[in-house]
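Visitor: Here you go, one structure.
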Ligand code: GLC
Ligand code: CA
């Protein structure tokens, strides 16, 4: 297997708005990030994936970009950015930018021009279509955030496509001029010295030409079969690779909702010249009664089946990315662990063990290293995310579902769970800001915060630190082959990693019950390299405590 620094790295995702406020206006910013680089250095991460910091009217918190070569006013200036980048580099931390090029903001200069007239030179930068004879939208597609995927623009009596909010018009990648602009912009950032790109919904950039109606899914048609992994997507990515990526020593990860294993091998193949890795969403996607809104919990059997299939499927062919959560998902410990006070820390450590011992590049989402939890939302006005507000309209205010039925699902899956501010200490607002935070701070900041955890050697923070440090000592964590044991156990997830003569045994208990487990003979005499409890015995029959995790190493 080819070695690469990005295979050996641990990535830490920063959602700048909620990370650290440097100037007291209640909004996280770049100076705030710079002030916390020493904290990240202590944690030991190698790479920061920075959610968008570009100029944006913030309809979707920066995922609607109005100028790719400028910084959002609320986050600071380009000088602040340059300072952050050089301070990060001084500490050996790389910075990967979020590249959002499936769409721009409707306030981007290209779109401002594009909508002016049918003849405007920028018209074909976006996807415009005539209304149907009755004046309705060109097809039945719904947008990801609810509502239709088409917006009527009366200036030219045509509709434009927006797979996300109507302030996020989709770029027309069929137009070579669009691709040239995007590649030039990427080159500009690479020349500045950034270290890679996380590519937002990059598998949506090529649409089928005809844009046919989609199968009805609730109120609207499903655009996925006609927009995801479309006819020219690989061609576009190979062109991007040729024109930009291959010229720099950077890492790339594609956000690819709905990606299959076969497609992942193409997008992130060792020799396919597209991307280094992709995010698949099998672990975190839910498809319940109300679309993504559901309160079902994935059983261990499903989690293990998904992870194992991807471990085996990509082995030696492509590279996995590993994550429990991000800015679009509820908090890992609340969702996959157990966030009741008695089990929060222990289950957060177990989840970390389970993920970091797999093959792939692990991603830590800000606050995950503290075991931060979902937020106890009480009313709709506490939410900030457009997805929540639009979905509540579509499902509840429309009369389709009762508030009582919908609310528990909303609580489980909403993205604002992950967007409450990082809890730095036990002072007001968790030390995130001296002003009024743009979104509420989780009231549990007095118990759960970075300061307390940095001081406590048994904290979730130090556990992550140890896992990250182990990765640097043990190439087997990166390059070892994965094998699943006990595939049918309802509560234990057990697997091995093998590199030449060396082996790891990873045992993770997903239950609050005690369990017994027989350590396989071949691990007799192995040493325990990490565990979330004091380990007394590592041979023969052992008793696993609630959510226990341990890793044995045999050389
Ligand atoms: C991606 C981002 C998400 C954003 C969407 C539209 O899924 O992760 O936060 O809302 O794309 O850009
Ligand atoms: Ca600020």
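Condition check ((1) touching a residue at least 60 places away in the same chain (Cβ under 8 Å); (2) closer than 29 Å to residue 272 by Cα) across all residues:
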site	(1), (2)
300	yes, no
304	yes, yes
309	no, yes
313	no, yes
322	no, yes
326	yes, yes
334	yes, no
338	yes, no
348	yes, no
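Visitor: Residues in segment 292-300: is at least one under 13 Å from the mean Cα position of the chain (by Cα), crowded, with 17+ Cβ neighbours inside 10 Å and either within 30 Å of residue 209 (Cβ to Cβ) or modelled with pLDDT under 95 (or both)?
Guide: No, because not a single residue in segment 292-300 is under 13 Å from the mean Cα position of the chain (by Cα), crowded, with 17+ Cβ neighbours inside 10 Å and either within 30 Å of residue 209 (Cβ to Cβ) or modelled with pLDDT under 95 (or both).
Visitor: So, one more: Does segment 444-464 include one or more residues that are within 16 Å of ligand 2 (Cβ to nearest atom), touching a helix residue (DSSP H, G or I) at 6+ places or on another chain (Cβ under 8 Å) and part of a loop (DSSP other than H, G, I, E, B)?
Guide: No - not one qualifying residue is present in segment 444-464.
Visitor: Follow-up question, since we're still on this one. Please verify whether segment 114-123 includes one or more residues that are touching a strand residue (DSSP E or B) at 6+ places or on another chain (Cβ under 6 Å), outside any helix (DSSP H, G or I) and more than 30 Å from residue 40 (Cα to Cα).
Guide: Among the residues of segment 114-123, at least one is touching a strand residue (DSSP E or B) at 6+ places or on another chain (Cβ under 6 Å), outside any helix (DSSP H, G or I) and more than 30 Å from residue 40 (Cα to Cα), which makes the answer yes.
Visitor: Could you please find all residues in segment 315-344 being in a helix (DSSP H, G or I) and crowded, with 24+ Cβ neighbours inside 10 Å?
Guide: Residues satisfying the conditions are 332, 333.
Visitor: Considering only segment 375-390, I want to know if a residue exists there that is in contact with a strand residue (DSSP E or B) (Cβ under 9 Å, 6 or more places away or on another chain), touching a residue at least 24 places away in the same chain (Cβ under 8 Å) and crowded, with 23+ Cβ neighbours inside 10 Å.
Guide: Scanning segment 375-390, I find no residue that is in contact with a strand residue (DSSP E or B) (Cβ under 9 Å, 6 or more places away or on another chain), touching a residue at least 24 places away in the same chain (Cβ under 8 Å) and crowded, with 23+ Cβ neighbours inside 10 Å, so the answer is no.
Visitor: Only one of 91, 129 is surrounded by fewer than 17 Cβ atoms within 10 Å (Cβ to Cβ), in contact (Cβ under 8 Å) with a residue 40 or more places away in the chain and within 28 Å of residue 395 (Cβ to Cβ); which?
Guide: Working: 91 fails: within 28 Å of residue 395 (Cβ to Cβ).
Just a single option satisfies the conditions, and that option is 129.
Visitor: Residue by residue through segment 1-49, note down the ones that are within 14 Å of ligand 2 (Cβ to nearest atom), part of a helix (DSSP H, G or I) and either in contact with a helix residue (DSSP H, G or I) (Cβ under 7 Å, 6 or more places away or on another chain) or at pLDDT below 95 (or both).
Guide: Hits for segment 1-49 are 16, 30, 31, 33, 34.
Visitor: Okay, next question. Residues that are over 28 Å from residue 246 (Cα atoms), modelled with pLDDT of 95 or more and in contact with a strand residue (DSSP E or B) (Cβ under 8 Å, 6 or more places away or on another chain): does segment 182-199 have at least one?
Guide: The answer is no; no qualifying residue exists.
Visitor: Of 45, 14, which residue is surrounded by 15 or more Cβ atoms within 10 Å (Cβ to Cβ), under 23 Å from residue 466 (Cα atoms) and within 16 Å of ligand 1 (Cβ to nearest atom)?
Guide: Numbers: 45 fails: within 16 Å of ligand 1 (Cβ to nearest atom).
That would be 14, the only listed residue that is surrounded by 15 or more Cβ atoms within 10 Å (Cβ to Cβ), under 23 Å from residue 466 (Cα atoms) and within 16 Å of ligand 1 (Cβ to nearest atom).
Visitor: Select from segment 414-433 the residues that are buried (at least 20 other Cβ atoms within 10 Å of the Cβ) and without any contact (Cβ under 8 Å) to a residue 40 or more places away in the chain and write down the one among them that is farthest from ligand 1 (Cβ to nearest atom).
Guide: Among them, the one singled out is 431.
Visitor: Then there is this: Out of curiosity, is residue 477 surrounded by 20 or more Cβ atoms within 10 Å (Cβ to Cβ) and either over 21 Å from residue 333 (Cα atoms) or not assigned by TED's automatic domain parsing to the domain that holds residue 304 (or both)?
Guide: yes
Visitor: Does residue 411 qualify as being in a helix (DSSP H, G or I), in contact with a strand residue (DSSP E or B) (Cβ under 8 Å, 6 or more places away or on another chain), away from ligand 1 (no atom under 16 Å from the Cβ) and at pLDDT 95 or above?
Guide: For residue 411, the condition - in a helix (DSSP H, G or I), in contact with a strand residue (DSSP E or B) (Cβ under 8 Å, 6 or more places away or on another chain), away from ligand 1 (no atom under 16 Å from the Cβ) and at pLDDT 95 or above - is not met.
Visitor: Kindly indicate the residue of segment 517-539 that is loosely packed, with under 11 Cβ neighbours inside 10 Å and more than 35 Å from the chain's Cα centre (by Cα) and also modelled with the lowest pLDDT among those meeting that condition.
Guide: The residue in question is 536.
Visitor: Report yes if residue 207 is more than 16 Å from ligand 2 (Cβ to nearest atom), farther than 26 Å from residue 281 by Cα, in the same structural domain as residue 246 (by TED's automatic domain parsing) and in contact with a helix residue (DSSP H, G or I) (Cβ under 8 Å, 6 or more places away or on another chain), otherwise no.
Guide: Criteria not met by residue 207.
Visitor: Quick check: anything in segment 124-144 part of a helix (DSSP H, G or I), away from ligand 1 (no atom under 15 Å from the Cβ), within 30 Å of residue 243 (Cβ to Cβ) and at pLDDT 95 or above? Lay out the reasoning, then the answer.
Guide: Step one: filter segment 124-144 for residues part of a helix (DSSP H, G or I), giving 124-125.
Now narrow it down to the ones that are away from ligand 1 (no atom under 15 Å from the Cβ): 124-125.
Imposing the further condition that a residue be within 30 Å of residue 243 (Cβ to Cβ) reduces the set to 124-125.
Among the residues that remain, those that are also at pLDDT 95 or above are: 124-125.
The answer is yes; a qualifying residue exists.
Visitor: Also, I was wondering about something else. Starting from segment 71-86, take each residue that is assigned by TED's automatic domain parsing to the domain that holds residue 435 and list its partners that are part of a helix (DSSP H, G or I) and within 16 Å of ligand 1 (Cβ to nearest atom), counting only C-beta distances under 7 angstrom and pairs at least six apart or across chains.
Guide: 75/16
Visitor: Also, I was wondering about something else. When residues of segment 480-490 are filtered for being out of contact with any strand residue (DSSP E or B) (no Cβ under 6 Å at 6 or more places or on another chain) and surrounded by fewer than 16 Cβ atoms within 10 Å (Cβ to Cβ), how many remain?
Guide: 3
The values are calculated or read from the model by the stated rules, or taken from the named source; none is laboratory data. What you see is a predicted model, and the numbers here were worked out from it, not measured in a lab. Note: ideal-geometry Cβ built from the backbone for every residue, glycine included; neighbour counts use all protein chains shown.
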